[in-house]
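Reviewing the structure listed below.
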Amino acid sequence: MLGFLEKVADYTKEAVSAAKYLVEGLSVTFDHMRRRPVTVQYPYEKLIPSERYRGRIHYEFDKCIACEVCVRVCPINLPVVDWVMNKETKKKELRNYSIDFGACIFCGNCVEYCPTNCLSMTEEYELAAFDRHSLNYDNVALGRLPTSVTSDPSVRPLRELAYLPEGIMDPHEVPANQKRAGRLPSEILKDLQNEDSQENKNKADKVINKLNSTN
Ligand code: SF4
Ligand code: SF4
């Protein structure tokens, strides 16, 4: 009889602890259901790159004077400037220009130093290809106008996710006191510090100390 009662007690204890874990797990689920998603549903949603984003390089063949400054300032001498000397006019004649984006590190040196501004960094970042040789862009491919996330009707453009009110894309236009859809990292840290849980407080302190040490 005693053995049976012990078994019942053990079973009840296990059932109670299982229910506790179930409720704990569901509370995490319900807590996340209230939050704004932080993931981007790519390719239906895309983040708008920042103004100074260094994406695929755009090149204007007509402006290029074949000076090869871009080659000299490139850390890996990457741009290929194919030109011939016209003996009659004694001027360089540009034949072809190419950059291999499979090797480019998008440092922007060539764009910075080009004397005729015929190179520019675009916000295009979708360069994935099945064949790495197709990443070697000639002057025709480099001259193609970049695609823009904001002008593509099939894409929902997002900027800075939770920090901006819903539907607003430009962070510079938002008044400082306007309610934002989500919280800034500094606000989340402050809330964690004010929480009862010592563990969360310690975590927040650790992050703040790390941030202070890197500044
Ligand atoms: S620096 Fe500019 S102008 Fe000179 S070769 Fe390069 S792209 Fe052409
Ligand atoms: S972005 Fe940098 S690595 Fe790429 S071609 Fe220009 S200078 Fe070279």
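Structural remarks
- When residue 39 is tested against (1) touching a strand residue (DSSP E or B) at 6+ places or on another chain (Cβ under 6 Å); (2) within 30 Å of residue 151 (Cβ to Cβ), exactly one condition is not met: (1).
- Among the candidates 104, 67, 110, the residue that is at pLDDT 85 or above, in contact with a strand residue (DSSP E or B) (Cβ under 9 Å, 6 or more places away or on another chain) and either acidic (Asp, Glu) or farther than 27 Å from residue 129 by Cα (or both) is uniquely 67.
- Residues in region 42-56 that are touching a residue at least 40 places away in the same chain (Cβ under 8 Å) and farther than 9 Å from residue 123 by Cα were compared, and the one that is nearest to the chain's Cα centre (by Cα) is 47.
- Criterion (modelled with pLDDT under 95, within 14 Å of ligand 2 (Cβ to nearest atom) and among the hydroxyl-bearing types (Ser, Thr, Tyr)) met by exactly one of 89, 122: 122
- Failed item, numbered, when residue 83 is tested on (1) more than 14 Å from ligand 1 (Cβ to nearest atom); (2) over 25 Å from residue 46 (Cα atoms): (1)
- Restricted to region 102-119, and to residues there that are in a loop (DSSP other than H, G, I, E, B) and within 8 Å of ligand 2 (Cβ to nearest atom), the residue that is nearest to residue 60 (Cα to Cα) is 108.
- Of residues in region 114-127 being closer than 15 Å to residue 81 by Cα and surrounded by 14 or more Cβ atoms within 10 Å (Cβ to Cβ), the one nearest to ligand 1 (Cβ to nearest atom): 114
- Looking only at residues of region 54-81 that are away from ligand 2 (no atom under 13 Å from the Cβ) and within 28 Å of residue 148 (Cβ to Cβ), we find that the one that is surrounded by the most Cβ atoms within 10 Å (Cβ to Cβ) is 64.
The values are calculated or read from the model by the stated rules, or taken from the named source; none is laboratory data. All figures in this text were calculated on a predicted structure; none of them were measured in a lab. No Cβ is skipped: glycine too gets one built from the backbone with ideal geometry, and neighbour counts run over all protein chains shown.
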